[in-house]
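In what follows, a single structure is set out as structure tokens and then discussed.
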Amino acid sequence: MGRRPVTVRLARWSAEHPWRAIGLWVVFVAVCFVGGNAAGLVEASSADQAVGESGRAEMIITEGNFHDPAVENVLITPRAGSLDQAAAKSAAADAAERLRQVTGVASVGTAVPSRDGEALLLPITMSGEPEDATDRVQPLRDATVGVQDAYPQLRVEQVGGPSINQALNETLGEDFKRAELLSLPVTLAILIIAFGALIAAGVPVLLALSSVAAAMGLSTLASHLVPATDTTASVILLIGMAVGVDYSLFYVRREREERAKGRSGLDAVEIAAETSGHAVVVSGIAVMISMAGLLLVNDAVFSSLAVGSILVVAVAVAGSLTVLPALLAKLGRWVDRPRVPLLWRLTAPRTGPHGRPVKPRFWPAVLRPALRAPLATLVVSVGLLLALAAPALGMKLQFPDMADLPRTTPAMQAYDRLTAAFPSTGTSHQVAVRAPAEQADRVRAALTDLAGRAGGDPLFAPVEADGPKIEVSADRRVSVLELATPYAGRSDEAARSLDELRDDLLPAAMKGIPGVEYAVGGEVAGSQDYSKHIEEKLPIVMAFVLALTFAVMVLTFRSVVIALTSIVLNLLSAGAAYGLLVLVFQGTWAEGLLGFTSMGAIVTWLPLFLFVVLFGLSMDYHVFVVSRIREGVRAGLSNREAVAYGITSSAGVVTSAAIVMVGVFGIFASLSTIDMKQLGVGLAAAILLDATIIRAVVLPSLMTLLGKANWWTPRFLREKPAQADPPAPTPELVAAR
């Protein structure tokens, strides 16, 4: 008999020394978490996140060291009819007087009327660092509320970056708190239904939560090498709960099955380690490879997400191979206590005489078309998935802008009124110019001329009466011009204004100035540049993920065909998810159903992130199912019998794992922001398609059709017979004949 796999040796040691294994795991999690908090988090700077020409513009502006204080505004508009000018001026004077007495206000400007005279705008400059202005804006908002109370016939409201951020933080904070509070009970409830016992349901949740805690600490330490972003922790939680629960679910279900056949606790743990444990390692490697592809994007956000995801998957794999066997060995048959009576009878592994398992009825019925008419089943199912994927060919990418933020907050409603009354306060381009100090006057003259010519173009907003907004750095080397456009950030007109500015207006204005460098940044430029960046990097990431995943699958199953089919099926699943996203979010028919306003596009970063996450998570199911099919083949079953055995014996656990993921991801679809809705719907739909149509219809029909060709591989990659013995024909395998 060959040397036992490392998964079995680890599980055996943990099962024989459960308290040591559990203690070491607790210490590991505590050291990671405490150590990470002690080291502190290093967050990515704006320079780390700079992309394309807009990134160069931001770097030029940063070099200018401009004093850019936080600015707020008091907007005064009529509640009905025309604006009462006398009342509006009185309210503006009252607001100015109150705000000058508020701590944190550096100065209050002069009230400015709108062009149509139907609004009055009072600018306020805050003191202190702009980075923490959001935390200090509440006293200003309170003062504005006091003015509103004094002038009920007017609409007096505060609007600006800090106040909008505070309102959104409150809304989104409540969203995420609700999501976090819901995800745990939803996961636990689904696992209770899957296991029919409370302890068995709690073990996967415990492992997932401890893996997330350890990974949070490790990612904080890793941020000193790869700076973190504000989304890293959320993704660690999302991925950690998904894979942590999945891996434990696979392991616990297999251990329970083996105990139900009469095996001792230690033998059941060993078999679970040799089968499900091996599948966990392979799928974990596949997920980490997928997430590592994000490092090739050369982007701070994706790099931080990759590092966080890789860490939490690695920790979850380690936990499933060490502390999980220890827990199962220590709990023994207590893992099936306390039982939920009805659910226990429905979910417990059932065996007949002599330990022979009772054949299920549902999944054989589902599999019948794939086994009896594999070609027809394959053509129909793949045709349906390709039809669902077809809309992805028309996918458009855009960054969400202010128009896509939820309008449920008064701050966003005030922002809409502000941009309607004062168009120059809406979308704008930032023209950043760097030149020798002695050329500062020529640069200013050129920018002034540029602003004048742009102001006469309908693609740009007219120049304000006090002239263009030009800032010059203290060393006179950097100049910045704000050019407003009256159109929404993702409109075709805003994109055309950017192209005209970059291709014609700005180069013509800067022509002849020695040593000049220039770039255009801003919201529109950032969205366009990032979309182009993602489109360029997506093929590179896909090629990396596909190539390494192919290699891992070949080495794992010693079959080129299995590796190729796994990649094709996962691509089919991802394509269907893309198509579904386009159908739902680029149109308007689902707005009322999901509570969003269509932006006519998919969020720029989503297709790339969705691809690596889906490709990684889909491999969980694929490796687990194909591993069970290979068990049948090695035990002497025919190809058709092995496919039936592998699908039916794994269908319950795969379905349970998929339902957990769909439930958790579905919660994200209920959040307020469009990017979280798209992420939640995309992930939930893809996992559902993958666990049902792909694994229960397409995979069995394809493997049945291929027959022995499933396991073909070049001679140099074939396993040597002496390396390991084939599994013994257990009663379950015999029953599959």
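Taking a ≥ b ≥ c as the square roots of the Cα gyration tensor eigenvalues, the stretch 551-634 comes out prolate, since a/c reaches at least 1.5 and a/b is larger than b/c.
Over all other residues within a Cβ to Cβ distance under 14 Å of Trp13, the charged ones net out to +3, with Lys and Arg as +1 and Asp and Glu as -1.
With the charge dipole of the chain set up from +1 on Lys and Arg Cβ and -1 on Asp and Glu Cβ about the Cα centre, the Cα lying farthest toward the positive end among the listed residues Val584, Ala494, Thr62 is that of Val584.
In whole percent, how big is the carbon plus sulfur part of the accessible area of the stretch 225-268, probe 1.4 Å, protein atoms only? It is 59 percent, rounded to a whole number. If you add up the charges near Leu405, with Lys and Arg at +1 and Asp and Glu at -1, over every other residue whose beta carbon is less than 14 angstrom from its beta carbon, what do you get? Charge balance near Leu405 sits at -4. These residues, Ser656, Ser46, go from largest to smallest accessible area, 1.4 Å probe, as Ser46, Ser656.
Model label points for Val366 and Ala80, set 7 angstrom from Cα along the Cα-to-Cβ axis, are 6.0 nm apart. Note: relative contact order over the stretch 389-497, using C-alpha pairs below 8 Å and six or more positions apart, is 32 percent. Shape call for the stretch 130-259 from the C-alpha gyration tensor, a ≥ b ≥ c root eigenvalues: rounded (a/c under 1.5), prolate (a/b greater than b/c) or oblate? It is oblate, given that a/c is not under 1.5 and a/b is not larger than b/c.
Order 474-483, 215-224 from most to least packed using the mean count of other Cβ atoms within 10 Å.
Answer by packing, highest mean first, reads 215-224, 474-483.
Kindly sort Leu580, Leu295 by accessible area of their heavy atoms, largest first, with the probe set to 1.4 Å. Could you put the intermediate results ahead of the total?
Details: Leu580 45, Leu295 80 Å².
Largest accessible area first, the residues go Leu295, Leu580.
Net length available on complete extension from Glu536 to Asp230 is 107.7 nm, with 0.36 nm assigned per residue and the Cα-Cα distance removed. Apply the a/c threshold of 1.5 to the C-alpha gyration tensor of the stretch 174-239 and tell me whether it is rounded, prolate or oblate. Here the stretch 174-239 falls in the oblate category. Length gained on full extension, Glu482 to Ala30: 157.7 nm, using 0.36 nm per residue less the C-alpha separation. Convex hull volume of the C-alpha atoms in the stretch 514-583, normalised per residue: 121 Å³. Summarising the label geometry, the points placed 7 Å from Cα in the beta-carbon direction at Thr110 and Thr448 lie 2.0 nm from one another. When each of the peptides 304-315, 100-111, 446-457 is scored by how many other beta carbons lie within 10 Å of its residues on average, the order from highest to lowest is 304-315, 446-457, 100-111.
Note on Asn65 and Thr125: with the Förster distance fixed at 22 Å, the Cβ-Cβ geometry gives a FRET efficiency of about 0.75.
Applying 0.36 nm per residue to the separation of Leu206 and Ser638 and subtracting their alpha-carbon distance, the gain on full extension is 151.6 nm. For the chain, the calculated P(r) over all alpha carbon pairs, in 20 Å bins from 0 to the bin holding the longest distance, is 15, 42, 27, 14, 1 percent. Taking packing as the residue-averaged number of other Cβ atoms within 10 angstrom, the listed peptides 142-155, 261-274, 316-329 run from highest to lowest as 316-329, 261-274, 142-155. Note that the stretch 552-647 presents 25 Å² accessible area per residue, ligands and nucleic acids not counted, probe 1.4 Å.
Take each uninterrupted DSSP H stretch in the chain, measure its Cα extent along the helix axis, and return the ones at 30 Å or beyond whose mean Kyte-Doolittle hydropathy is at least -0.5.
18-39, 161-195, 198-222, 232-260, 300-321, 523-557, 560-585, 606-634, 639-668
The mean sequence separation of alpha-carbon pairs under 8 Å and at least six residues apart, normalised by the residue count of the chain, gives a relative contact order of 19 percent. Note on Ala387 and Leu564: the model spin-label points, each 7 Å out from Cα along the C-beta direction, lie 2.8 nm apart.
Tell me, what is the FRET efficiency for Asp504 and Lys396 to the nearest 0.05, using R0 = 25 angstrom and their Cβ-Cβ distance as r? Taking R0 as 25 Å, the efficiency between Asp504 and Lys396 is 0.50. Please compute the net charge surrounding Ala696, taking Lys and Arg as +1 and Asp and Glu as -1 over other residues with Cβ under 14 Å from its Cβ. Value of the local net charge: +2. Greater than 31 Å separation of Cα atoms is the criterion. Which listed pairs, Lys177/Lys532; Lys469/Lys532; Lys469/Lys677, meet it? Among Lys177/Lys532; Lys469/Lys532; Lys469/Lys677, the Cα-Cα distance tops 31 Å for Lys177/Lys532; Lys469/Lys677.
Across the stretch 434-572, the mean sequence separation of Cα contacts (distance under 8 Å, 6 or more residues apart), normalised by length, yields a relative contact order of 22 percent.
Given R0 = 45 Å, the distance between the Cβ atoms of Val42 and Glu438 translates into a calculated FRET efficiency of 0.70. Relative intensity of the stretch 46-189 on a log10 scale, I(q)/I(0) at q = 0.13, 0.22 Å⁻¹, equals -0.73, -1.24, per a Debye sum over C-alpha point scatterers of equal strength in the absence of solvent.
For the stretch 524-678, taking Cα atoms only, Rg and Dmax work out to 18.8, 62 Å respectively. Here is how the number arises for the chain: DSSP H runs of 4 or more residues each give -39500 (n - 2.57), the sum is divided by the residue count, and the result at 222 nm is -20000 deg cm²/dmol.
Binning the alpha carbon pair distances of the stretch 1-106 at 5 angstrom intervals from zero yields the distribution 2, 8, 8, 7, 7, 6, 8, 8, 9, 7, 6, 6, 5, 4, 4, 3, 2, 1, 0, 0, expressed in whole percent.
Once backbone amide H atoms are built at 1.01 Å from N, His429 has Leu483, Ala484, Thr485 as its partners under 5 Å, excluding neighbours fewer than 5 places away on the same chain.
The values are calculated or read from the model by the stated rules, or taken from the named source; none is laboratory data. Everything numeric here is computed off the predicted structure, so don't read it as measured data. Using ideal geometry, Cβ is built from the backbone for each residue, glycine included, and neighbour counts are taken over all protein chains shown. The area values use the complete protein model at the heavy-atom level, side chains included, leaving out ligands, DNA and RNA. Shrake-Rupley method; radii C 1.70, N 1.55, O 1.52, S 1.80 Å.
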